[in-house]
Each structure stands twice: as structure tokens, then as C-alpha cells.
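Below is one structure; the comments refer to it alone.
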Amino acid sequence: MDCCSFSSSLSLSLSLMLKPRPPLMTINYNGNSQWSKRKKKRHCLLQVSAISYQNFIHFAFNETKRHTLLLPSPLQEKYGSMIAMDEQTRLEMLSFETPKIRLLRSMSIEGEAMQVLDFAAFPKPEFDLPIFCGNFFTTANMNIVVLDLNPLHDVTSRRDYKEKYYDRLLPLGLKYTELLPWGGKLTSESIKFFSPIVIWTKFSSSNSKHEVLYSAFMEYYKAWLELMEQAVEDTDPSQITCNLEAQHRYLTWRAEKDPGHGVLKRLIGEKLAKDLLRNFLFSGIDELGSKTFLDYFPEYGIEDGTINEKRSIIGKGFENRPWDKNGEFIGNDLRN
């Protein structure tokens, strides 16, 4: 998720961890934007502090199967697994769909220097469900975490949406935001994509903290699945169109400004990183709408027609949690 401290922390960590690229690349890419896998004799990678996100992934997909019919996504044929250019780091992608979920996907990165999990669930446009989001980045010394039910519609101006999906979850949010406190400055632009129960935190790597994070992930995902089960399909074409545009706007922002881009670029190169972001992690940009990034966020436009690479144009952020215990936004008093 786009936040200044998340992005700068990732950049610093990568500069310390990743070695210069070897001349021999282990990823192939053909003209049809197809990922191809090259078998390696050794796939034995050291875990960072013996911590792995595989149990998060197994839990999520198994729990989903308890609630609904889980089917492979067409994306699974194209995006599977690969070894990065350092010949040590492994990327694994899994993707599914259900009657109410357009895309349920995970990407894990396991290497000697870091462990990453990017997990998300995107509802079909007939449902105004929040988007489940879990982004975890771990090194031997540091963890950077975003866990949320990203609101499809604005929870400040749409009180009905906040009451529908978040009011009942506030006790859950309070429980874990005390255990996993606010992680520092979050940009004004990105805050609109978060909910009052978002967990945005940073902590030193330890098994005990990892167990708290796993517990939070399980409870948040169970809560999201319950909302999914209860969701009623919209039949109003105008509401479906509204849901479509809201999700397309979200995808467009994430594909352009996600701080994970830097990690992927260092691991697999710019071309493959952009393909993975646009066509797997945030798949739907080309199918759900035709608006461009600058259509949604014109303030990022430069005179030559390109997009400003800065993550924040406003230049202000939130050092402290901008919601009170009732889920009311108090950020106007905290912004600095």
C-alpha cells in the first residue's frame, strides 16, 4: 500500500540485501507476455528468522473452501512460480475465483534476505464488499505490515457503507491495533483507501510478533468471509456501475503507486514487474474500465503528459492513527 515510510523502508532494505544482478537471468519472457518457468536443480532457500508466510496462504485458501466453491482462476495458467535474477529468491503465485469473488490471489516471495506476502480478495462488481488486503514484508530485523478490509466506497462521506461493513468490526480492529500499533507517517493520498480497522505497523522480527500477526490475519480474513457470505447481489445497474468504477479506481492506483514495485523490479526486472503488477496482482484494469490513472488522479499529471513518480503530491501525512475508537475520522486534526 502506498505510504511514505513503507516505501522508503523497502528501498533501504533492498539496497542492503540484494546483490548486483548476475549476468545469467533465470526468467524468460516471450512476446505474448507469457511467464515461462525454468527448472532449477536447487530450490532450498533459507527462511528469514525461520519465519514463513506459507501457513497464512494455506489457512486462507482452506478457510475459503469451507465457505464457498473455490475454482482456479484463468490467471493460474500464466502466473505460477519462478526464480528471481539473483538465482536464490523464489516467487510463487496462486489465483482462484468464487461465485462472489472475482479474484482471490496470493504472491509469496521467499529468499535468504526477505519474506513477502501479498494477499488480496477482489469482489465481483455485483457486490460492494470491501477488498481484503494483506501486505507483509519481513527481513531478519524488520517487519512492515498492512492488513485491512479496504473500503470499496469512501467511509467518511458514505456513512451507510461504514455502518454496513465496519461498525461491527471495530472491536476486532481495536484489539489488534493495540497489539500492532500505528507504524508512522501515512500519506494523505493513501489514507482514503484504508478503513478505520486498518493495521499499519512496523516491528522487529520475532516469533511472538509473527504469531500475533498470524492471529490478526486469521481473524480479519474470517470476518471478511462472513461478510462475503452475507453479501446480497446488487441488481441495480447504476450501483453495479458504481462498484465497477470504485474497484477500477483502486486497481489503477495500486498498480501505479504500489511500493512493492521496487521490490519486484530488483528481483525480476522492470518489464516483468510491470506485467505482474498490472495483469496479476491488480488484474482487472483492462477489463473493468477504460479510465487512466490521470483520469482518476489528475493532480499527478506533468506538463509532458506523463505521471509524476512521487507517491505524495499533497506532501502531508498522518504520524498517528487518524480514526478514534468509534471509527470516526479525526485526521483533519492530526495531519502534519
Phi-derived 3J(HN,Hα) across the stretch 104-119 with the Karplus relation (6.51, -1.76, 1.60, θ = phi - 60°), rounded Hz, x for Gly and Pro, is 10, 9, 9, 10, 10, 10, 10, x, 5, 10, 7, 10, 9, 10, 10, 10
Gyration tensor on Cα atoms of the stretch 205-282, a ≥ b ≥ c root eigenvalues, a/c under 1.5 rounded, else prolate if a/b beats b/c, else oblate, says oblate
Two pseudo-spin positions, 7 Å from Cα along C-beta at Ser157 and at Asp236, lie apart in nanometres by 1.6
GluC sites (Glu not before Pro) in the stretch 213-263 lying in a DSSP loop, each with at most 15 other Cβ atoms within 10 Å of its Cβ, come to Glu233
On the formula 1/(1 + (r/R0)^6), with r taken between the Cβ atoms of Arg66 and Asp167 and R0 of 30 Å, the FRET efficiency rounded to 0.05 is 0.70
Counting only backbone N atoms under 18 Å from a point 7 Å out along Cα-to-Cβ of Lys192, the residues of the stretch 289-315 in range are 290-302, 307-315
Expected vector for the stretch 178-188, Karplus 3J(HN,Hα) from phi with 6.51, -1.76, 1.60 and θ = phi - 60°, integer Hz, x for Gly and Pro, equals 6, 6, 10, x, 3, x, x, 4, 10, 5, 4
Env charge @ Glu178, Cβ radius under 15 Å, K,R +1 / D,E -1, value +2
By the C-alpha gyration tensor axes a ≥ b ≥ c (rounded if a/c is under 1.5, else prolate when a/b exceeds b/c, else oblate), the shape of the stretch 76-226 is oblate
Given pairs Lys65/Lys100; Lys162/Lys209; Lys192/Lys265 and cut-off 18 Å on Cα-Cα distance, the over-length ones are Lys162/Lys209; Lys192/Lys265
Given a 1.4 Å probe, the accessible area of the stretch 53-317 per residue, as a whole number of Å², is 39
For the stretch 269-284, Karplus-derived ³J(HN,Hα) couplings (6.51, -1.76, 1.60; θ = phi - 60°; whole Hz; x for glycine and proline) come out as x, 5, 5, 5, 4, 5, 5, 5, 5, 6, 10, 10, 4, 10, 4, x
Between Gln54 and Ser204, the FRET efficiency computed from the C-beta separation at R0 = 30 Å comes out, to the nearest 0.05, as 0.85
Sorted by chain and then number, the residues having a modelled amide H within less than 5 Å of the amide H of Glu319, at least 5 places away or on another chain, are Leu186, Asn336
Cβ-Cβ cut-off under 11 Å around Asp234, Lys and Arg +1, Asp and Glu -1: the net charge is -3
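The values are calculated or read from the model by the stated rules, or taken from the named source; none is laboratory data. Here the structure is a predicted model, which means the values were calculated and not measured. No Cβ is skipped: glycine too gets one built from the backbone with ideal geometry, and neighbour counts run over all protein chains shown. Calculation scope for accessible area: heavy atoms of the full protein, side chains included, ligands and nucleic acids excluded. Shrake-Rupley method; radii C 1.70, N 1.55, O 1.52, S 1.80 Å.
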